[in-house]
Amino acid sequence: MARRPQEPDEHAGIHRGVHYSLKRNGAPGYWRYVYIIGSKVRAGRVQGRLPLLAIRRVTMQIDRDMRGGRTGE
């Protein structure tokens with residue numbers, strides 16, 4: 001019987017010029033992310049069993065941060 005390929009435990013990428021990092025958290029279905037926009041470091045946690053879903057949620061968060069409310073800069 002063929003084995004199912006194992007999903008990655010971490011991912012790094014670039015979205016709209018922003019480098020981000022995503023790692024699987026200890027809790028099942030949760031991922032930790034980190035990215036920098038300007039001088040602000042953003043870190044947090046997203047929920048998503050599939051790695052692609054977690055990546056999509058981080059890219060949406062980056063879009064939200066870039067779109068509005070850059071107070072404090």
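The values are calculated or read from the model by the stated rules, or taken from the named source; none is laboratory data. For clarity, every value in this text was computed on a predicted model and none was experimentally measured. Please note: Cβ atoms are built from the backbone with ideal geometry, for glycine as well, and neighbour counts cover all protein chains shown.
Structural remarks
- Among the residues making up region 28-73, those that are hydrophobic (A, V, I, L, M, F, W, C) and under 14 Å from GLU10 (Cα atoms) are TRP31, VAL34, VAL46, LEU50, LEU52, LEU53, ALA54, ILE55, VAL58.
- Taking the chain as the region of interest, the strands (runs of 3 or more DSSP E) fully inside it that hold 3 or more residues being at pLDDT 90 or above and surrounded by fewer than 14 Cβ atoms within 10 Å (Cβ to Cβ) are 10-15, 40-47.
- Of all the criteria given as (1) of a type in the set (Val, Ile, Thr); (2) touching a Leu at 6+ places or on another chain (Cβ under 8 Å); (3) free of Cβ contacts under 8 Å to residues at least 24 places away in the same chain, the one not satisfied by ILE55 is (3).
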